[in-house]
Amino acid sequence: MHVLRLDDQLSDEERMVRDSVRAFRTGSVDPYVADWFESGTLPVRDLAREIGKLGLFGMHLQGYGCAGLNAVSYGIACRELEAADSGLRSFVSVQGSLAMAAIHKYGSEEQKQRWLPGMAAGELIGCFGLTEPDHGSDPGSMRTYARRDGQDWVLNGAKMWITNGSVADVAVVWARTEEGINGFLVPAGTRGFSRTDITKKLSLRASVTSELAFDEVRLPPDAILPAAKGLKAPLGCLSEARFGIIFGAIGAGRTCYETAVEYAKSREQFGRPIAAFQMTQEKLAHMELALGQAGLTALHIGRLKDAGKVTSQQISFGKLANVRAALDVARSARTILGANGVTLEYPVIRHANNLESVLTYEGTEEIHTLVLGEAITGIAAYRG
Ligand SMILES: Cc1cc2nc3c(=O)[nH]c(=O)nc-3n(C[C@H](O)[C@H](O)[C@H](O)COP(=O)(O)OP(=O)(O)OC[C@H]3O[C@@H](n4cnc5c(N)ncnc54)[C@H](O)[C@@H]3O)c2cc1C
């Protein structure tokens, strides 16, 4: 099990993060998460306070109540959270790497003071609205528009598939203006701003996903993020969140793998544990290889990020490779559990279903393939 013993490479501080997040999720999440998934809920406010106390929101950011830890620590936290459920990791990623990171990178001093300490403590929740009903992989074609009206801004449009959308105290919303693409902070309760939850999801059920609508939403001049100019601003935040997925996916895969190993050793057929069959061992060995390689990829990219040298192509490499690996592990683990593989009594089908969303959001499998294709050939193929 875990033949490469990659965690031996972690520093004492990184191991402490691992252990404290693990203790949190085994006590406060693991016993309940299958029920949350089944009922399609997440007790966001209660979890936010606990996660805030652990210092996990925006933990890789400096100042404003954020922990200021290194990138690998953040990755390890994501891995341990996603070992419970991808919905939990999504909640923390969106809060820290998308909403808080946007304010931290592009906000004014007043905006940072107003929002970041409360968000770091888990008292305030944020969401990040980039995707629209008709524009997902190609956000540069977004239609949400903010026009000037005197000193104010007036926002119209819609955002789709927004994690934490209906529970957020503040939405970071990306919109087209006369100058290009800009970011705006839209507090909950602003007139004309409405949210509707997306139901009937069969993936990431323990996560709030919403549609945001803006109907003549009047915002003061200081609602705009002053340093966010153009599409590269939201893409810069997405790169942070994708980094968390590189580690997070390993957590989901690891839970499936460990469940399959335990099950295979105790389940008997034809008078023997199914772990004694060569085909089961082949599957388990394949999972061990896949997760070991994913772990190496994550640690390498994490160390590059901490050295300030990581590139967006490397992040795409990691996201594509590790989510694929985790999904492969989850699907294979499911077969080892036989019929038990399709129930929420075991975590495997839940993780497998969740990973379908993880494969799609933060850049789909195809888009990250094209990023690598462009890096290899020098030719961008996004537009056919
Ligand atoms: C549970 C969940 C939570 C999410 N949370 C957020 C959030 O918090 N904030 C946010 O802004 N968004 C969020 N998203 C949206 C997510 O980022 C988008 O779903 C994703 O970017 C893909 O967009 P789309 O669904 O519109 O698919 P589309 O862009 O319509 O793509 C459909 C298919 O076409 C393929 N495709 C598109 N263009 C190309 C191309 N050039 N070449 C080859 N294939 C192509 C895609 O890869 C995909 O297979 C979330 C999504 C989910 C499922």
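The values are calculated or read from the model by the stated rules, or taken from the named source; none is laboratory data. Just so you know, these numbers come straight off a predicted model, no measurement behind them. FYI the Cβ positions are ideal-geometry reconstructions off the backbone, even for glycines, and counts take in every protein chain you see. Ligands, DNA and RNA are excluded from the accessible area calculation, which covers all protein heavy atoms including side chains. Shrake-Rupley method; radii C 1.70, N 1.55, O 1.52, S 1.80 Å.
Numerical summary
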{"item": "Sulfur and carbon atoms: percent of accessible area, region 126-223 [1.4 Å]", "result": "47 percent"}
{"item": "Rounded if a/c under 1.5, otherwise prolate or oblate - the chain, Cα gyration tensor axes", "result": "prolate"}
{"item": "Accessible carbon and sulfur surface of region 232-377 relative to its total accessible area, %, 1.4 Å", "result": "56 percent"}
{"item": "Candidate residues Glu123, Glu374, Glu132, Glu345: accessible-area rank, largest first, probe 1.4 Å", "result": "Glu345, Glu123, Glu374, Glu132"}
{"item": "Whole-number accessible area per residue in Å² for region 156-218, which is evaluated in the context of all protein chains at 1.4 Å", "result": "42 Å²"}
{"item": "Region 133-149-region 153-168 distance, computed between alpha-carbon centres (Å)", "result": "12 Å"}
{"item": "Solvent-accessible heavy-atom area per residue, rounded to whole Å², over region 6-120 at 1.4 Å", "result": "36 Å²"}
{"item": "Of every Cα-Cα pair in region 173-230, the percent that sits beyond 15 Å", "result": "59 percent"}
{"item": "Rg over Rh, two decimals, region 201-260 (C-alpha only, Kirkwood Rh)", "result": "1.15"}
{"item": "Region 275-384: trypsin sites (Lys or Arg not before Pro) in DSSP coil with no more than 14 other Cβ atoms inside 10 Å", "result": "Lys309, Arg383"}
{"item": "Cα-based Lys proximity count in the chain, under 24 Å, for pairs eight or more positions apart or on separate chains", "result": "27"}
{"item": "Cα-only Debye scattering, region 232-377: base-10 log of I(q)/I(0) at q = 0.14 Å⁻¹", "result": "-0.67"}
{"item": "With Cα atoms, 0 to 90° folded angle of helix 312-336 axis to the chain main axis", "result": "40 degrees"}
{"item": "Solvent exposure, largest accessible area first (probe 1.4 Å, DNA, RNA and ligands not counted), of Ile376, Ile162", "result": "Ile376, Ile162"}
{"item": "Alpha-carbon centroids, region 325-384 and region 207-275: separation in whole Å", "result": "11 Å"}
{"item": "Simple Cβ-charge dipole of region 126-223, Lys/Arg +1 and Asp/Glu -1, about Cα centre, in debye nearest 20", "result": "340 debye"}
{"item": "Whole-Å distance, taken between Cα centres, linking region 1-61 and region 108-125", "result": "22 Å"}
{"item": "Rg/Rh for region 6-120, where both radii come from Cα atoms and Rh is the Kirkwood radius", "result": "0.98"}
{"item": "In Å², nearest 10: area of Ser203 left accessible to a 1.4 Å probe", "result": "20 Å²"}
{"item": "Projected-area average for region 155-252 over all orientations - Cα convex hull basis, square nanometres", "result": "7.2 nm²"}
{"item": "Ser108-Gln278 FRET efficiency (beta carbon distance; Förster radius 51 Å; 0.05 resolution)", "result": "0.25"}
{"item": "Residue with peak Gaussian network fluctuation, the chain [Cα springs, cutoff 10 Å], from Ala77, Ala307, Ala252", "result": "Ala307"}
{"item": "Peptide ranges 149-157, 211-219 listed from the most packed, as the mean C-beta count within 10 angstrom indicates", "result": "211-219, 149-157"}
{"item": "Mean Cα-pair separation over length for the chain, i.e. relative contact order, pairs under 8 Å, 6 or more apart, %", "result": "18 percent"}
